[in-house]
Structure formats: structure tokens, C-alpha cells
Amino acid sequence: GDSVTQMEGPVTLSEEAFLTINCTYTATGYPSLFWYVQYPGEGLQLLLKATKADDKGSNKGFEATYRKETTSFHLEKGSVQVSDSAVYFCALTLNNAGNMLTFGGGTRLMVKP
Amino acid sequence: DVKVTQSSRYLVKRTGEKVFLECVQDMDHENMFWYRQDPGLGLRLIYFSYDVKMKEKGDIPEGYSVSREKKERFSLILESASTNQTSMYLCASSLWTRSPSEETQYFGPGTRLLVL
């Protein structure tokens, strides 16, 4: 079946460090890909998305590029802040799956001042 | 502002009790979802609903049921709570879109349920 695999956390970085959180997927069709973020004590919120190969999603300094050849959608940020500390979820949906999302296991990011 | 609310942030119940988790959205969304969130497993879909009185099983429906009598409200029911249902439960809603690539789900803050 369809699945999403993320690197295990926690990822601990110092402020202004470069961030990469890896995400790879397996899917029977051509998925749309998403990153959601969950700040402490809150629900998930959409961070960015990409709907076709080579698309780049971006928001709040975060970027991710849809790589069909490597079935990946890695999340990157050039300079993290303490306020970026959260859990990040990679997810996909397929055109034949209605509105259902398949989530990865989540990666906790901790940014220290 | 988009709002999904859940009836409780924390809940403690005993094994065998019937448990109701309520979710309300104020965005007139057609779709509503119930997930459980467990460390390392991410979010797993329990049930979802495309419309009033309609429901579809997700990946892990066993031990759960749902009710959607009004468009804005989606209830998750644990008929007889068990300790393996201790988890964080998240409700979400989304607008119906012709293209799933336009899907954006809005989440509530979650209910942390402990079953003793």
C-alpha cells in the first residue's frame, strides 16, 4: 500500500543551523505531497505542498521539492529559529483516494538558542 | 478564522466505559476526519465522513464508531474503552475539492485519552 517514511527524531539543532528532514514515499499512482507542522499543544497545520514532479513548495522559509525519480520530498530551511521547534509530518494523497491523507511517523525538531 | 474545536483536551476513563469524543468545525466543511496519533506511528485514520449521516472506515476502525448528525459535528465513540486505545485523538475537517491536490485539512488541538 501507499506509505510515507520520515527520518526518526528528535533532530536537535542550534539556532541559525541548516535543517533537512528526509521524507520518502511509496505510492501506486502520482501523489500530491504535503508537509504539516504541529507546534506544542496544538493541532497540525499545513506548512507547504507540491502537486506534481519538480514542483517546489515553500512557506515561512521552509522549502521542499517533489522528486519523482527518488520518490522524495525532503524539507529544508536555511536558518532555523527556536520558534521552529515542533513536530513535522510528511503526507501524501492520491487522486483516487478522495480526500484521504497518508502520514509519515513525524519528526520532532528541537532548536536551541 | 478557521476553527476546529474538540470537547476535551484531556480525558481519563476506565476500561469498559463508553467514551464520546466530540468535534465541531465552523467552516461549513463537508469532510471530517478522526485520527489517532501515537509516537513513531504518525497519524492513522480511524473514520471519515463526506457528508451528514455518511461515514467511511479508515485504516484502523476496529473498536470505534462515529456519528455525524449535523454538518458541523463529528463524534467518535469508543463503545467499550480498552487500555490500547490510550492515545492522542485528532479531529480534522476540509472543504470538498474536485482535485485532491487542493486538499487542506484543518486540525483541532487534540484530545489526550488515558484508559486505565
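The values are calculated or read from the model by the stated rules, or taken from the named source; none is laboratory data. Nothing here was measured: the structure is a model prediction, and the numbers come from that model. Cβ placement follows ideal geometry from the backbone for every residue including glycine, while neighbour counts extend to all protein chains displayed.
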Among the residues that make up the stretch A:44-58, is at least one of them hydroxyl-bearing (Ser, Thr, Tyr), surrounded by 16 or more Cβ atoms within 10 Å (Cβ to Cβ), modelled with pLDDT of 95 or more and over 22 Å from B:Met88 (Cβ atoms)? no
What about B:Gly63, is it out of contact with any Lys or Arg (no Cβ under 7 Å at 6 or more places or on another chain) and within 8 Å of another protein chain (Cβ to nearest Cβ)? no
Exception for B:Phe33 within (1) without any contact (Cβ under 8 Å) to a residue 60 or more places away in the chain; (2) part of a strand (DSSP E or B) falls at (1)
Search result, residues across the stretch A:67-86 that are within 14 Å of another protein chain (Cβ to nearest Cβ) and either over 11 Å from the mean Cα position of the chain (by Cα) or surrounded by fewer than 21 Cβ atoms within 10 Å (Cβ to Cβ) (or both): A:Ala86
Can you pull out every residue in the stretch B:1-43 that is exposed (fewer than 12 other Cβ atoms within 10 Å of the Cβ), within 9 Å of another protein chain (Cβ to nearest Cβ) and at pLDDT 90 or above? B:Arg9
Filter the stretch A:62-96 down to the residues that are assigned to a loop (DSSP other than H, G, I, E, B) and touching a residue at least 40 places away in the same chain (Cβ under 8 Å) and list them by number. A:Thr70, A:Thr71, A:Phe73, A:His74, A:Gly78, A:Ser79, A:Val80, A:Gln81, A:Ser85, A:Leu94, A:Asn95, A:Asn96
Could you give me the residue pairs with C-beta distances under 7 Å whose first residue belongs to the stretch B:71-92 and is closer than 25 Å to B:Asp26 by Cβ, whose second residue is of a type in the set (Lys, Arg) and crowded, with 18+ Cβ neighbours inside 10 Å wherever it lies, and which are 6+ apart or on separate chains? B:Phe74/B:Arg68; B:Met88/B:Arg36; B:Tyr89/B:Arg36
If I ask for residues that are without any contact (Cβ under 8 Å) to a residue 40 or more places away in the chain, over 19 Å from A:Ala91 (Cα atoms) and either within 10 Å of the chain's Cα centre (by Cα) or within 11 Å of another protein chain (Cβ to nearest Cβ) (or both), which ones from the stretch B:44-56 would you list? B:Ser49, B:Glu56
Residues (in a loop (DSSP other than H, G, I, E, B) and either aromatic (Phe, Trp, Tyr) or within 11 Å of chain B (Cβ to nearest Cβ) (or both)) located in the stretch A:41-61: A:Gly41, A:Glu42, A:Gly43, A:Thr51, A:Lys52, A:Asp55
Scan the stretch A:93-111 and give yes if some residue there is buried (at least 19 other Cβ atoms within 10 Å of the Cβ), in contact with a Lys or Arg (Cβ under 6 Å, 6 or more places away or on another chain) and modelled with pLDDT of 95 or more, otherwise no. no
